[in-house]
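J.: I am attaching a structure below and will ask some questions about it afterwards.
The values are calculated or read from the model by the stated rules, or taken from the named source; none is laboratory data. Quantities reported herein were computed from a predicted structural model and do not represent experimental measurements. In this analysis, Cβ positions are derived from the backbone assuming ideal geometry, glycine residues included, and neighbour counts consider all displayed protein chains.
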């Protein structure tokens, strides 16, 4: 009976197992049928662009939107077969060929979703965001608020959490239209710029997923790279654009990125600076090679007091005076003390700057939540309350440094 029953169900069972495997390509979409989005820029709409908004997502006679909220979106789309992997035939051995490898299309809309729907109405292939690597937002839009932008990108399952989001000083669309000499595709040049900055210790790793994570924390605010387009189509990393909730409230200077990384103990270190010593004064260039940092918190009179200890190792790279020799222990000690003083002052300035804006990009609130949960539950509780308390807390920074190398020629 069992043998006959097994023979009866064997064939239907095999069919049931194999049949789902035969449908693996039922929803395939050819590459030529997709519009592969590589980069997106978001700006405020210019007055002359307002008329470009078509009534695609609404009937203009029964929907009213404030015109000032329109945004201009430029999308960089890859041209199939035009992105070459080898040297360009038109330019010899160089990378900056004359072959157009991307297509930049500009649309306007009331929201990012609305603008991309308008774009889809003009593009034959379905927009695909699986290769989206860079989103550039202008400073004007960032200061107005990025809630809608973040909401759309977070809900889109095709958007990678390891893409870069940048804040542009000036029009963001200029970065989409740039023609860098080192890459055929502007998006790839932007990615290379940011990845190299992280690798060389000039910027902390901060992909869009980390930006969203920091923004959602109760005791920390988020930041993004602050960049500017230069005359030679190159991109300058100008500092950190820091936020309060979803709005940009300020930006640091270039060297303050190194200060932030010192307070967070981020390695590798990669910033250089001038140190002036001696009488008569002489100047040397020092280069930070590694960092360490630790944070402690005490509660005094129901107010949190933070202590940040920072240690840096430095190399002396150049000296601009013959009034002293670097193979002198007294001179090296003076360099160490002056470097420590300058870094302490820079750290205190940066902390006070973020305190005035109520933007805790260092995560002191998260440290307080972890180490003093009872105090947080009694006195703070919410993100809004910490934003106000952060303005008044005291943060003491103690810096120590050591000169590790002075170069081949010390005299």
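J.: So, in the range 327-359, of the ones that are out of contact with any helix residue (DSSP H, G or I) (no Cβ under 7 Å at 6 or more places or on another chain) and assigned to a loop (DSSP other than H, G, I, E, B), which residue ends up surrounded by the most Cβ atoms within 10 Å (Cβ to Cβ)? Give the derivation first.
T.: Kept after step one, since they are out of contact with any helix residue (DSSP H, G or I) (no Cβ under 7 Å at 6 or more places or on another chain), are these residues of the range 327-359: 327-342, 344-345, 348-349, 351-357, 359.
If we keep only those that are assigned to a loop (DSSP other than H, G, I, E, B) too, we end up with 327-328, 359.
Numbers: 327: 11, 328: 12, 359: 24.
Step by step, filter the range 327-359, then rank; the result is 359.
J.: In the set 375, 362, which member is surrounded by fewer than 17 Cβ atoms within 10 Å (Cβ to Cβ) and in contact with a helix residue (DSSP H, G or I) (Cβ under 8 Å, 6 or more places away or on another chain)? Break it down into steps so the answer makes sense when it comes.
T.: Values: 362 fails: surrounded by fewer than 17 Cβ atoms within 10 Å (Cβ to Cβ).
Going through 375, 362 in turn, just one is surrounded by fewer than 17 Cβ atoms within 10 Å (Cβ to Cβ) and in contact with a helix residue (DSSP H, G or I) (Cβ under 8 Å, 6 or more places away or on another chain): 375.
J.: Can you confirm whether residue 324 is on the phi < 0 side of the Ramachandran plot, part of a strand (DSSP E or B) and either touching a residue at least 12 places away in the same chain (Cβ under 8 Å) or not assigned by TED's automatic domain parsing to the domain that holds residue 199 (or both)? Quick ask: steps written out before the conclusion?
T.: Numbers: on the phi < 0 side of the Ramachandran plot: yes; part of a strand (DSSP E or B): no; either touching a residue at least 12 places away in the same chain (Cβ under 8 Å) or not assigned by TED's automatic domain parsing to the domain that holds residue 199 (or both): yes.
No, not satisfied.
J.: Pick from the range 107-122 the residues that are buried (at least 17 other Cβ atoms within 10 Å of the Cβ) and touching a residue at least 60 places away in the same chain (Cβ under 8 Å): which of them is farthest from the chain's Cα centre (by Cα)?
T.: Checking each candidate, the answer is 118.
J.: Taking the range 221-231 as the search range and keeping residues that are surrounded by fewer than 22 Cβ atoms within 10 Å (Cβ to Cβ) and in contact (Cβ under 8 Å) with a residue 24 or more places away in the chain, which one is nearest to residue 287 (Cα to Cα)?
T.: Residues of the range 221-231 that are surrounded by fewer than 22 Cβ atoms within 10 Å (Cβ to Cβ), as a first pass: 228-231.
If we keep only those that are in contact (Cβ under 8 Å) with a residue 24 or more places away in the chain as well, we get 228-229.
Numbers: 228: 25, 229: 27 Å.
That would be 228.
J.: Taking residue 236, is it assigned to a strand (DSSP E or B), modelled with pLDDT under 95, within 14 Å of the chain's Cα centre (by Cα) and surrounded by fewer than 15 Cβ atoms within 10 Å (Cβ to Cβ)?
T.: Values: assigned to a strand (DSSP E or B): yes; modelled with pLDDT under 95: yes; within 14 Å of the chain's Cα centre (by Cα): yes; surrounded by fewer than 15 Cβ atoms within 10 Å (Cβ to Cβ): yes.
Judged against the criteria, residue 236 is a match.
J.: Mind telling me which of the residues 253, 292 ends up being modelled with pLDDT under 95, within 24 Å of the chain's Cα centre (by Cα), surrounded by fewer than 16 Cβ atoms within 10 Å (Cβ to Cβ) and assigned to a strand (DSSP E or B)?
T.: On the way: 253 fails: assigned to a strand (DSSP E or B).
Just a single option satisfies the conditions, and that option is 292.
J.: Given (1) touching a residue at least 40 places away in the same chain (Cβ under 8 Å); (2) in contact with a helix residue (DSSP H, G or I) (Cβ under 9 Å, 6 or more places away or on another chain), where does residue 309 come up short, assuming only one miss?
T.: (2)
J.: Let me ask you something else. For the structure I just gave you, tell me whether residue 255 is within 26 Å of residue 369 (Cα to Cα) and in contact with a strand residue (DSSP E or B) (Cβ under 8 Å, 6 or more places away or on another chain). Before you say what the answer is, go through the steps one by one.
T.: Details: within 26 Å of residue 369 (Cα to Cα): no; in contact with a strand residue (DSSP E or B) (Cβ under 8 Å, 6 or more places away or on another chain): yes.
Considered against the rule, which asks whether it is within 26 Å of residue 369 (Cα to Cα) and in contact with a strand residue (DSSP E or B) (Cβ under 8 Å, 6 or more places away or on another chain), residue 255 comes out as no.
J.: A further question on this structure: Go through the range 295-306 and give me each residue that's outside any strand (DSSP E or B) and in contact (Cβ under 8 Å) with a residue 24 or more places away in the chain. So that I can check it myself, show each step before the final result.
T.: We begin by selecting, within the range 295-306, every residue outside any strand (DSSP E or B); these are 301-302.
Selection gives 302 alone.
J.: Quick one: which residue in 166, 153 is over 22 Å from residue 239 (Cβ atoms) and surrounded by 17 or more Cβ atoms within 10 Å (Cβ to Cβ)? Quick ask: steps written out before the conclusion?
T.: On the way: 166 fails: over 22 Å from residue 239 (Cβ atoms).
None of the others qualify; the one that does is 153.
J.: What residue, of 318, 353, 345, 313, is more than 30 Å from the chain's Cα centre (by Cα) and closer than 25 Å to residue 271 by Cβ?
T.: On the way: 353 fails: more than 30 Å from the chain's Cα centre (by Cα); 345 fails: more than 30 Å from the chain's Cα centre (by Cα); 313 fails: more than 30 Å from the chain's Cα centre (by Cα).
Result of the check over 318, 353, 345, 313: 318.
J.: Hey, another quick one. Any residue in the range 379-393 that is more than 30 Å from residue 277 (Cβ to Cβ), loosely packed, with under 13 Cβ neighbours inside 10 Å, in contact with a helix residue (DSSP H, G or I) (Cβ under 7 Å, 6 or more places away or on another chain) and at pLDDT below 95?
T.: No, because not a single residue in the range 379-393 is more than 30 Å from residue 277 (Cβ to Cβ), loosely packed, with under 13 Cβ neighbours inside 10 Å, in contact with a helix residue (DSSP H, G or I) (Cβ under 7 Å, 6 or more places away or on another chain) and at pLDDT below 95.
J.: Tell me which residues, restricted to the range 277-289, are in a strand (DSSP E or B) and surrounded by 14 or more Cβ atoms within 10 Å (Cβ to Cβ).
T.: Step one: of the range 277-289, the residues in a strand (DSSP E or B) are 277, 282-289.
Matches in the range 277-289: 277, 282, 284, 285, 286, 287, 288, 289.
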